[in-house]
Structure formats: C-alpha cells, structure tokens
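This report concerns only the one structure given below.
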Ligand code: CP3
C-alpha cells in the first residue's frame, strides 16, 4: 500500500483534493485545464452499469454501498472525468418522510401515497435523524477510499421544489397541476411541507459531507416550470435555507433546467456554482450571474452527433467561458440511455485537450 493510501483522510489527501482542478474551479481559482464531469455519468448508457442492474433493482443498487461505490468509481475511471458523483437518487430521502417510493420498470418513480393538501402534510415525518440513509453515507465512505486520492466526490440531493413536485404529483409530471394548485390554494400547507423538506435536506447534505463528500449539488431539475414571481414567493426562501445550512467551506452547486428566466433568483438563493442548461448561452448567463462559478452547458442530446460536432460544440462552450476561472464543464442535464459511450469519452478528451493552458504556480 502506498503511503498516500494509508493517509486517506490525512493531510496529503486533503491537499490533493483541495488543489484538484474541480475544487479550484468551484472557488474560481485558475486551473491547468477546465475540469469536466457529467450528470448521470453512471447510468444505463454504460454496458457495465446495465450488467450490475441485470442482477439488482435500482433501489437495491442504491441501498447496497458496495455496489453503489463500484458503479460510481467505475464510471469516473472509464470516462477520466475530474469529479465523481455518488451513485444514489434524489428521491431516497422521501422514504424516511413516510412516502412509499417505487421505481416501476419503464415508468420511472412512483409515490403511492402522494401529498395533496394540509392533511397529508401533517402525516409527513420530520427527518430528524437522517440515519435512515446510512447506506448513502457508507457508499460515500467506501467510494472515497476507492477513488484516486486527488479525485473529488460530489454528494447531492434534490432541491425542495423538485422533490415537492414528486411528492405531490406522485411521480413525473408534465404540467405540475397538483403541485401548483397546492402552492396557490394552500400556501400554508405548501410552506410547511417545503420547510420540512428543507430541514431534512440540510441534515442529509451535511451527513454526506461528514462521510467524505468534497462538494454537494442541489438538483432543481423541474424548477423551470415556474414563473419568476412564483419562484421568489414559493421556492427561493426554502432553497436558500438548505444552502445556508450546508457545512461552511464545502462548495455548493445549484443546478436547474429551463432556468433562463430564473438565473438571478437562483443566484440569490445561493450556491458557489450555478448549473446552466443549453437553452442559455453560457457567456450571457455568466454575465447576468456575476461573481459566481458556472457549470455547463453541453446539450446531452448532442452526444448522439458525430465526434466532429461534439468537439466543435465543446470548443464553442469553452470559447464562451473564455478561460475565466470558475467554469466547470458539464452537460446541461443528465446523459440519457442509448448515448454512445465512445462519444461521451470523446467529449471529456476534447474538453481536456482544448482547454489545456499554462497556470503559474503562485
Ligand atoms: O449522476 C450520476 O451518475 C449519479 C446518480 C444519479 C441518479 N439520479 C441515478 C439514476 C443522480 C444524480 C440522480 C438524480 C435524479 N434522480 C434527478 C435529478 C437529475 C435529473 O436528471 O434531473 C431526478 C429528477 C431523479 C429522479 C429519477 N430517478 C428519475 C426521473 C429517474 C428515471 C426513471 C427512468 O427509468 O428513466 C430515476 C432513476 C435513475 N436514477 C436511474 C439512474 C441511473 C435509472 C434507473 C435504472 O437503472 O433503471
């Protein structure tokens, strides 16, 4: 065993992690090349993942730390990305709240006892003790031990609105009718539910950090369905409270999709890094956001195009970032099943090669 391995968690490992391009970019420090990782980098587009899934249900996989660690570490190594993200799901936290979650084959997530009003909010359990999610922390500990010492591990959770949308709709949704109706007609119950979710989320993120995550990301995947005024009134205070309560010193990535009209408000809610999707130009979005790091914003569907197109598109994004400190390259949303793995690898290579630059060591 190398001395570095033995010191896992010790000073040299901590330094290697802190000085990694990903962590430096979170702090808007200069980097030798633009760090890149990809949302859903471990998933069904990867043969090795499908092989593990052939033997285990998705929830079983999430709840078996050895397997969750294995797919996390494998994907990061295969793609040669600059950060790993723990294999889990944003919906795991709703189980200890008393919700009955199932991943039905071909249907996506289903919640059998959705919340539709104040009466249902009262039966939600306060997640005081996030120990119910010990399997996630154990997966983080095992992943941390197995990853190269300088490769950061990202923990994550769903943001309050996106989680609330699943809890109220009972699954995925197109128009968020139940969610918005509850928001508008029963604002008291809405805010009570959002506060309960938010308290659980900060505890959950902090437990992931204590277990060994170097950064955390909030996924507000469906927040783009809201008007700016509704975001400000019904969502912003809750997202802000989650972010404010994250352990000091740990970078927070605040990500959403369809957020072109919400960027300034997301910034107000907080985060060291704001995640962008491809429907906004990265340079314009960054100008509007001001002094904060940005992550994005390659269209995941462009990964189905030729390596030539992929390289040109990566260059366009890097040009818009203009070598300014504080850009983390990523997709604008997760990789979808059937994406050609070789194109994903080509994207990571292209980003590393096209962004390589001289950085003085001072
Ligand atoms: O990025 C990573 O590699 C880490 C793993 C990760 C998963 N889900 C694994 C997963 C992360 C970060 C998530 C977050 C997540 N989960 C989000 C936010 C990100 C986004 O895509 O907007 C959302 C909305 C969910 C809820 C969820 N979980 C959905 C809508 C689905 C898809 C259902 C389907 O079958 O298409 C899942 C399942 C899921 N989560 C899969 C994976 C790899 C596929 C499950 C499988 O193996 O069958």
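The values are calculated or read from the model by the stated rules, or taken from the named source; none is laboratory data. Keep in mind that this is a model prediction, so the values were computed, not measured. FYI the Cβ positions are ideal-geometry reconstructions off the backbone, even for glycines, and counts take in every protein chain you see.
Please give the number of the condition residue 17 fails out of (1) in contact with a helix residue (DSSP H, G or I) (Cβ under 7 Å, 6 or more places away or on another chain); (2) farther than 30 Å from residue 199 by Cα; (3) away from the ligand (no atom under 13 Å from the Cβ); (4) part of a helix (DSSP H, G or I).
Failing condition for residue 17: (2).
Take the residues of region 74-95 that are farther than 21 Å from residue 212 by Cβ and not in a helix (DSSP H, G or I): which is nearest to the chain's Cα centre (by Cα)?
91
Can you name the helices (runs of 4 or more DSSP H) wholly within region 154-232 that have at least 1 residues being under 16 Å from the mean Cα position of the chain (by Cα)?
Per the criteria, 160-169, 187-211.
Can you find a residue that is within 26 Å of residue 343 (Cα to Cα), out of contact with any helix residue (DSSP H, G or I) (no Cβ under 9 Å at 6 or more places or on another chain) and surrounded by 18 or more Cβ atoms within 10 Å (Cβ to Cβ) anywhere in region 232-254?
no
Out of 291, 272, 283, I need the residue that is closer than 19 Å to residue 36 by Cβ, over 20 Å from the mean Cα position of the chain (by Cα) and at pLDDT 95 or above. Which one?
283
Could you please find all residues in region 77-109 being closer than 30 Å to residue 343 by Cα, more than 8 Å from the ligand (Cβ to nearest atom) and either in contact with a helix residue (DSSP H, G or I) (Cβ under 7 Å, 6 or more places away or on another chain) or at pLDDT 95 or above (or both)?
If the condition is that a residue be closer than 30 Å to residue 343 by Cα, more than 8 Å from the ligand (Cβ to nearest atom) and either in contact with a helix residue (DSSP H, G or I) (Cβ under 7 Å, 6 or more places away or on another chain) or at pLDDT 95 or above (or both), then 77, 78, 79, 80, 81, 82, 83, 84 are the ones that fit.
So in region 53-65, with the set limited to residues that are within 9 Å of the ligand (Cβ to nearest atom) and surrounded by 18 or more Cβ atoms within 10 Å (Cβ to Cβ), which one is nearest to the chain's Cα centre (by Cα)?
62
Being part of a helix (DSSP H, G or I) and under 17 Å from the mean Cα position of the chain (by Cα): is that true of residue 243 here?
Taking the combined requirement at face value, the residue satisfies it.
I'd like to know if region 50-73 contains one or more residues that are at positive phi and out of contact with any strand residue (DSSP E or B) (no Cβ under 7 Å at 6 or more places or on another chain).
no
Restricting the search to region 195-231, which residues are surrounded by fewer than 22 Cβ atoms within 10 Å (Cβ to Cβ), within 22 Å of residue 175 (Cα to Cα) and away from the ligand (no atom under 16 Å from the Cβ)?
227, 228, 229, 230
Any idea how many residues of region 121-147 are in contact (Cβ under 8 Å) with a residue 60 or more places away in the chain, surrounded by 15 or more Cβ atoms within 10 Å (Cβ to Cβ) and out of contact with any helix residue (DSSP H, G or I) (no Cβ under 7 Å at 6 or more places or on another chain)?
Number of matching residues: 1.
Within the set of pairs 6+ apart or on separate chains, which have a first residue in region 334-355 that is free of Cβ contacts under 8 Å to residues at least 60 places away in the same chain, a second that is more than 16 Å from the ligand (Cβ to nearest atom) and in a loop (DSSP other than H, G, I, E, B), and C-beta atoms under 7 Å apart?
Matching pairs, first to second residue: none at all.
Can we say residue 43 is near the ligand (Cβ under 10 Å from one of its atoms) and surrounded by fewer than 14 Cβ atoms within 10 Å (Cβ to Cβ)?
no
Kindly provide the set of residues from region 254-269 that are within 16 Å of the ligand (Cβ to nearest atom) and assigned to a helix (DSSP H, G or I), ordered by number.
266
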